[in-house]
Amino acid sequence: MGLEPFSPDSTIFRDESVLRDGYQPARLIERDTELEQYQSALKPVINGAPPKNLFLYGQTGVGKTLSSRMVVERLIEDQQNIDGVDVQVIELNCKSLNSSYQVAANLINQFRPPTEQIKPTGYPSGMIYNMLFDELEALDATHCLIVLDEIDAIGNDDDILYKLPRANDNENVEDTLVGVIGISNDFTFRDNLSARVKDSLADEEIHFPPYDANELGNILKQRAGEAFHDTSAQRLDDGSYELQSDILEGDVISLCAAFAAQDSGSARQALKRLYKAGDLARDEESDVITEAHVRQADEIVERDKVRDELTRLPTQSKLTLYSLLLLEREDETPSKRNRIYERYVMAAKRIDADVRTDRTIHDRLSQLTLKGFLDVDEQNKGPKGGSYYEYEFSIRADLAQEVLQEDERLAELFATDETSTTLDSF
């Protein structure tokens, strides 16, 4: 059968972009407290004083980046009417950066025109920081706020979070007042920062808690009023929204909110479920979105979320999962840590990766368990057998294998007959 002709449809969506990542609503709801804290923390800038260094933390999808963008945009707009204050903001997403050096190099390029960009490697560490300080010093601005989103990507290499907040105190930068705003999805990252960094960075911390089902429902109603045909949302005096819709059946909004609240409290995940439910209804040429569409959407979104999180794991965590895959294939799961470690050592050597200690792999197993990829069970065999932990997959093992096979570095592990057998034969 040939391709069907493309043609616009007008059944479900009025503006589907409203439900997608990257959309910035005119009003951010359910974050009044955090927005107030954020604005208060930036008041020294408007007064011409040195800025506070801020740390924003909370799970993915709870409004940290959007709040930051909206507050900073308002600051830039309002400072134009204030004499003696000229604020420049530099924003950098650190998701693909794994060291302070790489962050510093990318910040330098943020200040420079395309013809004067530097390579992200090859300079002594001291030189790269001096280059960054020179760029800050050369700014024609009274203040520079540096927003480092997903800063937890740098792990334990947190030198940049010491040097930038102290750039003025250490007289590395004199004419521009420098402030750092760190944003992290990882609660443990903040706790694991070195003592000197905690003292430098966290003048003020703002915690963004997960949304509850009622808050998610309000967010969905607000967006649905713009996204769907024959749908309107009215903001009530108490800040909640009332929705009128001929498109959304029954408890579609509350079901999307409930699924996301149980999962992570993420507005992004709630919006994905509502958007996918609309997609499914459109594909079926349905005039309405039903609860059945939402339940089907939930399964799809959950699988995509797991896949995305697996893809983002570092190589050592992926090697740990691969080791458990081998044991799964041998019907040896649940499996003890020492058996997983044996397989891990062999796999790491085969792809010429650094072989970490048994203790490190234990930490990886704990992290993978916290992320929901593995189940762990404590076994106690008494005085002679002792106690130990056994691990097995809590997600579908074939999904883990699919993602690991797509990783360029791990692909060769699946190239031989010994490891290429699919999990369908387990």
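Does Tyr101 fit the bill of being of a type outside the set (S, T, N, Q), in contact with a Pro (Cβ under 9 Å, 6 or more places away or on another chain) and either in a helix (DSSP H, G or I) or outside the structural domain of Ser194 (by TED's automatic domain parsing) (or both)? I'd like the intermediate steps shown before the answer.
Working: of a type outside the set (S, T, N, Q): yes; in contact with a Pro (Cβ under 9 Å, 6 or more places away or on another chain): yes; either in a helix (DSSP H, G or I) or outside the structural domain of Ser194 (by TED's automatic domain parsing) (or both): yes.
Yes.
Just for the stretch 79-109: of the residues that are loosely packed, with under 13 Cβ neighbours inside 10 Å and without any contact (Cβ under 8 Å) to a residue 24 or more places away in the chain, which one is nearest to the chain's Cα centre (by Cα)?
My answer is Gln80.
To keep it simple, each residue is scored yes or no on (1) surrounded by 14 or more Cβ atoms within 10 Å (Cβ to Cβ); (2) modelled with pLDDT of 90 or more; (3) at negative phi; (4) not aromatic (Phe, Trp, Tyr).
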residue	(1), (2), (3), (4)
Asp375	yes, yes, yes, yes
Asn380	no, no, yes, yes
Phe393	yes, yes, yes, no
Glu402	yes, yes, yes, yes
Leu410	yes, yes, yes, yes
Thr419	yes, no, yes, yes
Leu423	yes, no, yes, yes
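Tell me which residues, restricted to the stretch 91-127, are of a type in the set (A, V, I, L, M, F, W, C) and under 24 Å from Ser184 (Cα atoms).
First, the residues of the stretch 91-127 that are of a type in the set (A, V, I, L, M, F, W, C): 92, 94, 97, 103-105, 107-108, 111, 118, 127.
Listed by number, the residues that qualify are Leu92, Cys94, Leu97, Val103, Ala104, Ala105, Leu107, Ile108, Phe111.
Considering (1) exposed (fewer than 10 other Cβ atoms within 10 Å of the Cβ); (2) within 19 Å of Arg303 (Cα to Cα); (3) modelled with pLDDT of 90 or more, say which one Asp352 fails and leave the rest.
Result: Asp352 fails condition (2) only.
How about the stretch 139-166: which of its residues are at pLDDT below 95 and more than 28 Å from the chain's Cα centre (by Cα)?
Asp140
Do the conditions hold for Asp169, that is, is it surrounded by fewer than 20 Cβ atoms within 10 Å (Cβ to Cβ), within 28 Å of the chain's Cα centre (by Cα) and either at positive phi or charged (D, E, K, R) (or both)? Walk me through it before giving the result.
Numbers: surrounded by fewer than 20 Cβ atoms within 10 Å (Cβ to Cβ): yes; within 28 Å of the chain's Cα centre (by Cα): no; either at positive phi or charged (D, E, K, R) (or both): yes.
So Asp169 does not fit the description; no.
Tell me which strands (runs of 3 or more DSSP E) are completely within the stretch 204-281 and hold 1 or more residues being surrounded by fewer than 18 Cβ atoms within 10 Å (Cβ to Cβ) and free of Cβ contacts under 8 Å to residues at least 12 places away in the same chain, or say none if there are none. First the steps, then the outcome.
Values: elements: 204-207, 231-235, 241-245.
Answer list for the stretch 204-281: 231-235.
Considering only residues that are of a type in the set (Lys, Arg) and surrounded by 15 or more Cβ atoms within 10 Å (Cβ to Cβ), look in the stretch 296-335 and name the one that is modelled with the highest pLDDT. Outline the logic, then answer.
Step one: of the stretch 296-335, the residues of a type in the set (Lys, Arg) are 303, 305, 307, 312, 318, 329.
Right, trim to surrounded by 15 or more Cβ atoms within 10 Å (Cβ to Cβ) and you get 305, 307, 318, 329.
Values: Lys305: 86, Arg307: 91, Lys318: 94, Arg329: 91.
The qualifying residue modelled with the highest pLDDT is Lys318.
Conditions (1) in contact (Cβ under 8 Å) with a residue 60 or more places away in the chain; (2) out of contact with any helix residue (DSSP H, G or I) (no Cβ under 8 Å at 6 or more places or on another chain); (3) under 24 Å from Arg69 (Cα atoms); (4) of a type outside the set (S, T, N, Q), marked per residue:
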| site | (1), (2), (3), (4) |
| --- | --- |
| Gln117 | no, no, no, no |
| Glu137 | no, yes, no, yes |
| Thr142 | yes, yes, yes, no |
| Leu148 | no, no, yes, yes |
| Asp158 | no, no, yes, yes |
| Asp186 | yes, no, yes, yes |
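Since Asp152 meets every condition but one in (1) touching a residue at least 12 places away in the same chain (Cβ under 8 Å); (2) more than 30 Å from Asn47 (Cβ to Cβ); (3) out of contact with any strand residue (DSSP E or B) (no Cβ under 7 Å at 6 or more places or on another chain), which condition does it not meet?
(3)
Counting residues that are under 26 Å from the mean Cα position of the chain (by Cα), which helices (runs of 4 or more DSSP H) fully inside the stretch 301-395 reach at least 2?
Numbers: elements: 315-329, 337-350, 358-370, 382-385.
Passing ranges, in order: 315-329, 358-370.
Quick check on my filter: what residues within the stretch 138-162 are surrounded by 20 or more Cβ atoms within 10 Å (Cβ to Cβ) and of a type in the set (D, E, K, R)?
Result: Asp149, Glu150, Asp152, Asp158.
Condition check: at positive phi and of a type in the set (D, E, K, R). Does Glu302 satisfy that? Explain how you work it out, then say what you get.
Working: at positive phi: no; of a type in the set (D, E, K, R): yes.
No: the conditions fail for Glu302.
Farther than 18 Å from Leu148 by Cα, aliphatic (A, V, I, L, M) and either crowded, with 18+ Cβ neighbours inside 10 Å or touching a Lys or Arg at 6+ places or on another chain (Cβ under 9 Å) (or both), is that true of Leu19?
Values: farther than 18 Å from Leu148 by Cα: yes; aliphatic (A, V, I, L, M): yes; either crowded, with 18+ Cβ neighbours inside 10 Å or touching a Lys or Arg at 6+ places or on another chain (Cβ under 9 Å) (or both): yes.
Taking the combined requirement at face value, the residue satisfies it.
The values are calculated or read from the model by the stated rules, or taken from the named source; none is laboratory data. Quick caveat: nothing in here was measured; it's all calculated off a predicted structure. Please note: Cβ atoms are built from the backbone with ideal geometry, for glycine as well, and neighbour counts cover all protein chains shown.
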